[in-house]
Amino acid sequence: MLDWSYDLLPESERVILRRLSVFAEAFTLEAAQIAAGDILERDQAAEIIASLVAKSLIAVETNPSGALYRIPAITRAYVHSKMVDSGERNALRNTTRSRFENPSSVANSCDREIVAAAIP
């Protein structure tokens, strides 16, 4: 079923979903925009994330401090394997240092190997 849903997505949504799979837990819109930063403008990333929320591929939780996004565990595992298979994981790892200003602050919610590569 995930193959079918994934295959129906436009390529831009597939790329963003794969990149967001580095977040093992909840993430902010800003963190998502940073993860997508080298391929999309921030406004474009926000639009794609909103589309993925509308398709129930990303869940959003609102609280007084803002919105937090989360990819359901099964979906995350599926798209994470797609990211690894595509070779994007290494590319993302190589560019993480320049995009996250304070990588230690996201260490609890990101794929630890990618974040570890970003920590000086």
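Using r as the Cβ-Cβ distance of ALA77 and GLU47, and R0 as 30 Å, what FRET efficiency do you calculate, to the nearest 0.05? Between ALA77 and GLU47 the formula returns 0.75.
With both labels modelled 7 Å from their Cα along Cα-to-Cβ, the SER56 to ASP7 distance reads 2.0 nm.
No lab work stands behind these numbers, since they all come straight from the coordinates. A quick note: this is a predicted structure, and the numbers were derived from the prediction, not measured. In this analysis, Cβ positions are derived from the backbone assuming ideal geometry, glycine residues included, and neighbour counts consider all displayed protein chains.
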